[in-house]
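First comes the structure, then the notes that go with it.
The values are calculated or read from the model by the stated rules, or taken from the named source; none is laboratory data. Predicted model, so just to flag it, every value in this text is computed and none were measured. Cβ sites come from the backbone with ideal geometry, for glycine too, and all protein chains shown count toward neighbours. All accessible areas refer to the heavy atoms of the entire protein, side chains included, with ligands and DNA or RNA removed. Shrake-Rupley method; radii C 1.70, N 1.55, O 1.52, S 1.80 Å.
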Amino acid sequence: QSMEMEDFRQICQRSSSDIQKHFSYKRPYAHQAGGHDELIQIGKNIVAKPCSAREAWFYHNCAEIIGPYAPQCHGFWMGEDGKPTVLLQDLTSGFQKPCVLDIKMGSSTAAPDRPPSKQASCSAKDRITTTGSIGARICGLRVFKPQNEEYRSYDKHWGKNLKFDEFSSAVERFFDNGVRVRRDLAIRFLEKLQEILELFQADSMKFRFYASSILFIYEGAEELGNSCEQTEQLPEQKVPSDQTANLDVRMIDFAHVIPLDGQKELRDEAYICGLRNLIEIFEGIGLGLDPSAIQVRDLRAEGLETLQVSATVTD
């Protein structure tokens, strides 16, 4: 059942003594790529994220369903303004120059727990963005450019304006460091996406994930001189740094996770459709295909863009 606010307050009280020590050091989170709310760095390895009672319920009771793809939860906090906050593992900790891609998954963000007016506005946005056509929408992208030692960033408004036939090339930007496209990283991420697809196809997955994201992170720092030299002189040889570079993939943002119990639909098909398209895109990038040659399913043409819109909340 969904967590009531009073239950949330009790959990916050239990967590407070353990996490109070971290609050001596707070600052805006430097590596945020997407999301509506500003994240706060707490200590060295914790990020504070505003959350709803439903998201707190998911972290408290259900996060184990996605296993290693859930960020570690360090507890909850009720801020001075009364807003609930979840304290999460800083996924960029350990990276020198983290490159981050936030992709909102599924062909519908019109979760049934939203007010009717919000459902309508979400549905309208879904229809004119890649959420409805691909089952995925870029909410933020930050890639490190070693030539000039700075980041190139693209925000959610840029992602919202992408067209169906622009999406694959937009994802490829994540791997383009200005010197080369780091294609072996795409293949390594592909393996993670296939594992997430298996999770969603398993009988044990009994949830719908509305407006939830997959976060991709890789190490952007590398030996520029060595990489350029190897790429120019030995074009067929893989650059070692891409084989060993640190990377991570996590599912994030669970404010609108709805149990499937008691409903006709057995799987989250809207999320699965988006995953399959992402798998095609990452594989195409890894193989060196031109983005225009990557075969992506247009969910609108198949009448799949409205999956899950008619669902009801089961608490």
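Here are the numbers:
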{"item": "Relative packing of peptides 47-60, 159-172 - highest average C-beta neighbours within 10 Å first", "result": "47-60, 159-172"}
{"item": "Rounded accessible area per residue of region 46-145, 1.4 Å, Å²", "result": "34"}
{"item": "Rg to Rh, two decimals, where region 134-220 supplies the alpha carbon set and Rh follows Kirkwood", "result": "1.01"}
{"item": "Where only C-alpha atoms are counted, convex hull volume of region 79-146 per residue in Å³", "result": "157"}
{"item": "Accessible surface of residue 173 - all protein chains present, 1.4 Å probe, nearest 10 Å²", "result": "100"}
{"item": "Per-residue SASA entry for residue 179, accessible area with 1.4 Å probe, Å² rounded to 10", "result": "50"}
{"item": "Cα gyration tensor, region 48-183 - rounded (a/c under 1.5), prolate or oblate", "result": "oblate"}
{"item": "Leading residue at positive end of dipole, region 129-170 (Cβ point charges), from 164, 144, 133", "result": "133"}
{"item": "Efficiency of FRET between residue 204 and residue 297 - r from beta-carbon atoms, R0 22 angstrom, step 0.05", "result": "0.25"}
{"item": "Three-way shape call for region 68-113 based on the alpha-carbon gyration tensor, with the a/c threshold at 1.5", "result": "oblate"}
{"item": "Cα pair distances in region 45-100, grouped into 10 Å bins until the bin that holds the longest one, percent each", "result": "23, 48, 25, 4"}
{"item": "Over region 52-160, relative contact order from alpha-carbon pairs under 8 Å, at least 6 apart, %", "result": "19"}
{"item": "Gain in span if fully extended, residue 83 to residue 150, counting 0.36 nm per residue against the direct Cα distance", "result": "20.7 nm"}
{"item": "FRET efficiency, residue 276 to residue 60 (Cβ-Cβ, R0 41 Å, nearest 0.05)", "result": "0.85"}
{"item": "Charge dipole (region 59-129, unit charges on Cβ, about Cα centre) - positive-most of 100, 85, 74", "result": "100"}
